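Every read-out reported here was derived from the displayed coordinates using simple, explicitly stated rules and does not represent laboratory data. A quick note: this is a predicted structure, and the numbers were derived from the prediction, not measured. FYI the Cβ positions are ideal-geometry reconstructions off the backbone, even for glycines, and counts take in every protein chain you see.
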Amino acid sequence: MRTLKILLVEDSASDVRLIREALKDTALPVQIVVARDGVEAMEYLYSTANDDVGRPDLVLLDLNLPRKNGREVLAEVKNSSILKQIPVLVMTSSRSEDDVNQAYNLNANCYITKPGDLDEYVHVVRAIEEFWFLTATLPDAFQSSRTSVSQHVA
């Protein structure tokens, strides 16, 4: 079974814990890499851009981040020819219609308002897993990286 890699761009330790907890009993093995701010996220993404094993399958991105905010990260990822195919799911506490519209205008693949408790987090994260990892077909580059990952994990 392949291991899926998620880059979680989140500065809140409690939200990182909730997402880790929600992903611990998923149907597929998941590796979570955490970036605590937008600068760290972009450094990680560029460092793994040509690395099939290291590149994340999915980015979960908070909007309110230190040093470089989520909107700036999203714009940079989606404007990069080597990163733009990575699905970026904005997961933030903001319910602002302006934030939702701006995220989609910057080509976010999804906008999710952070749930209020662990049960809701589990439900949302399982829905993310079900759709993005079990239902959706990702670009060929990611399909080959999944093959590489399963060969390295086996």
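Compute the Cα gyration tensor for segment 8-49, then decide on rounded, prolate or oblate, letting a ≥ b ≥ c be the square roots of its eigenvalues: rounded whenever a/c is under 1.5, prolate when a/b is larger than b/c in the other cases, and oblate in all that remain. Oblate shape, in that a/c is at least 1.5 and b/c is the bigger or equal ratio. In the chain, helical runs assigned H by DSSP with n ≥ 4 each contribute -39500 (n - 2.57); averaged across all residues and rounded to the nearest 500, the mean residue ellipticity at 222 nm is -13000 deg cm²/dmol. Backbone phi angles across segment 96-108, fed through the Karplus curve with coefficients 6.51, -1.76 and 1.60 (θ = phi - 60°), yield HN-Hα couplings of 5, 4, 4, 5, 4, 4, 5, 4, 5, 5, 8, 6, 4 Hz in residue order; Gly and Pro are listed as x.
Pick out which of Leu89, Leu58, Leu18 has the largest mean-square fluctuation in a Gaussian network model of the chain, springs linking Cα atoms closer than 10 Å. Most flexible of the set in this elastic network: Leu18.
Counting Lys +1, Arg +1, Asp -1, Glu -1, what net charge surrounds Val122 among other residues with beta carbon under 10 Å of its beta carbon? Please report the intermediate quantities before stating the final value.
Values: positive: Lys24, Arg126; negative: Glu21, Asp25, Asp117, Asp119, Glu120.
Residues close to Val122 contribute a combined charge of -3.
Extension gain, Tyr104-Asp117: 0.36 nm per intervening residue step, less the Cα-Cα distance, totals 2.1 nm. Annotation: for a label point projected 7 angstrom from Cα along Cα→Cβ of Val33, residues of segment 84-114 with backbone N closer than 20 Å are 84-91, 109. A cut-off of 5 Å between modelled amide H atoms, ignoring neighbours fewer than 5 places along the same chain, links Val30 with Leu4.
Evaluate the relative contact order of segment 4-137 (contact order divided by residue number), counting alpha-carbon pairs under 8 angstrom at least 6 apart; express in whole percent.
It rounds to 25 percent for segment 4-137.
Using the Cβ-Cβ distance between Asn50 and Ser93 with R0 set to 35 Å, the FRET efficiency from 1/(1 + (r/R0)^6) comes to roughly 0.55.
Given springs between every Cα pair under 10 Å in a Gaussian network model of the chain, which of Arg95, Arg20, Arg71 has the largest fluctuation? Residue with maximal mean-square fluctuation among Arg95, Arg20, Arg71: Arg95. Across all Cα pairs in the chain, the calculated P(r) in 5 Å bins from zero up to the longest distance comes to 2, 9, 20, 24, 22, 16, 6, 1, 0, 0 percent per bin.
Placing pseudo-labels 7 Å out from each Cα toward the beta carbon at Lys78 and Glu130 gives an inter-label distance of 2.6 nm.
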